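Just below is one structure, and these are the notes that go with it.
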Amino acid sequence: MYKKLSFLFLCLLLCGMTARAQEQVKSDLQQQAEDEGAKGHVATSRYLFIKAFDDYATKGQMEQSVKCAAKATALYYNENYYHEAFDLLRRVDQTIDTKAQADQRSALHYLTTKERFNMYMKLHRTASAQEQLNKMEQQAATSANDEVKDDLLFTKAIFYYSSGQTTKGNEVFQQMSAKLTAVKDYDKVDELFQTLIANGRRSNSANMVDQSYSRYIVWKDSVTALKHAAVVDSLNKQITTHEATIADKDSSLSSRQAVIIGLGILAAILAAVLVMGAIVLLRFIALTRKQKNTIKEVKENSALKAKFINNISAQLKPSLMKLDQKIPEVKALVGFSDHIQTLASLENDDAEVELEQVQVQTFCEQLVEEIRPKVKSNVEVTSKAQKMTASINKEYVTHILRHLLSNAALYTPEGGHITLDFKKRSARTQQFLVLDTGSGIPEEKRESVFKAFLEVKDLSQGDGLGLPICKQMAQKMGGDLTIDATFTKGTRFVLDLRT
């Protein structure tokens, strides 16, 4: 009997050692990837995460497999390797469809769709990010996974805050915090608020930080009130119980003394709770002041940076104007100085943009006439704007359209077409469209052309600040400037405006 038990114990021990060995192989591969990432060895870390993805998939451990692939994807697009990132995600989706269980697929596809969403957010392609968010919503609904649904709410909140849709962001985050508050998971709600504030800081979005922190303060106050109310309610119930005991045993002096002692203890507890509440409130007030000072410092640093750059440019320009303006390099430096001052002014100007009514057809025809002398031979320049009025900031819109038309004249070959159009999309939205039949802008460069200082260029060939300035002007008016990805016969810029 003893030998049989020993043999059984030995078998169990060997099985346990084998299972731990297999677990160690899996953990080592993923741990190596994480360790290399911590050391800053991005390429090695990415390679190891992809190996871990393949290894987990071979063993049928699809959740760990997809999570490793997601980390590798992030390491790709954080270094702007978007093509490789999208290719990896396509391979992951194929692996999910062939190896994952049916009830797991939606939750796993949610993870890959979220990485696409993150890439489009990084590229500032809001429309594409919205499409991925819609897919994530469908996948979360079919996954029947509460963690996925909670993550979706959080992701939607970040998207709406990042894209300036503050009202929708508040609604989604209120829904999420209310859901967790209802089950008294206060620590989780607090963690979500801290994460949202941290995301706002990383993305340099003062609006997102301000909105998130304001809502955090309101929520914190309400939760403090709920906690105090719960304590008071509990104490009231105990007091009621003791009062009933007093009524039942009113004839007994000893019972009355016990009740009095109990009430004294409850009073002491209540006093202690109030003292603790006061301490928590004072600490919260101190934290609030610290956070407000941090936000103030960020805004002040941004304003000082813009002012500093503007002052340097202003001091350089008089010296440049003394040089021969016919020299291409001198002319380029003067233009660059003007662009730097414009960018700094846009970043540092918090004044509200003023609007005025204009006759759209006349306004567009004047811009078209300005550009005609600059186009190549046999290039047709037309305006399709109809007779109507629109409320716009004439200075900013003129600057943007004049720059877009000048670019179109430069890149449209002989015999081509340049068109300026205007569309009234709704009562409060309108569009100016500038299209040409030039060679077009490659897809991988469509977002980068709107980013200032992305690359070092020969200033005599342009400083690359024209479109970033136009983009900032559009956003200053509450709109946006984008490239229409659906237009394939050249380039079509879309200036969206809201009133």
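Residue-wise test of (1) of a type in the set (S, T, N, Q); (2) under 20 Å from VAL280 (Cβ atoms).
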site	(1), (2)
ASP150	no, no
ASN170	yes, no
THR181	yes, yes
ASP185	no, yes
THR195	yes, no
ASP233	no, yes
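Rundown of residues vs (1) open to solvent by less than 40 Å² (accessible area, probe 1.4 Å); (2) over 25 Å from SER205 (Cα atoms); (3) free of Cβ contacts under 8 Å to residues at least 12 places away in the same chain; (4) outside any helix (DSSP H, G or I), yes/no style:
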| position | (1), (2), (3), (4) |
| --- | --- |
| ALA385 | yes, yes, no, yes |
| SER391 | yes, yes, no, yes |
| SER406 | yes, yes, no, no |
| LYS423 | no, yes, yes, yes |
| LEU433 | yes, yes, no, yes |
| ILE441 | no, yes, no, yes |
| MET473 | yes, no, no, no |
| THR488 | no, yes, no, yes |
Qualifying position, being at pLDDT 90 or above and among the hydrophobic types (A, V, I, L, M, F, W, C), among LEU465, LEU420:
LEU420
When you scan region 29-129 for helices (runs of 4 or more DSSP H) that lie fully inside it, which ones turn up with 2 or more residues that are in contact (Cβ under 8 Å) with a residue 24 or more places away in the chain, open to solvent by 70 Å² or more (accessible area, probe 1.4 Å) and of a type in the set (Lys, Arg)?
62-77
Could you identify the single residue in GLU137, GLU191, GLU147 that is of a type in the set (Asp, Glu), over 29 Å from THR224 (Cα atoms) and open to solvent by 10 Å² or more (accessible area, probe 1.4 Å)?
GLU137
Members of region 350-382 found to be part of a strand (DSSP E or B) and open to solvent by 50 Å² or more (accessible area, probe 1.4 Å), listed by number:
GLU356, GLN357, GLN359, GLU380
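The values are calculated or read from the model by the stated rules, or taken from the named source; none is laboratory data. Because the structure is a prediction, the values reported are computed rather than measured. Because the Cβ atoms are built from the backbone with ideal geometry, glycine has one as well, and the counts that use them run over all protein chains shown. The protein model used for the area step is the full one, side chains on, heavy atoms only, and it has no ligands, DNA or RNA in it. Shrake-Rupley method; radii C 1.70, N 1.55, O 1.52, S 1.80 Å.
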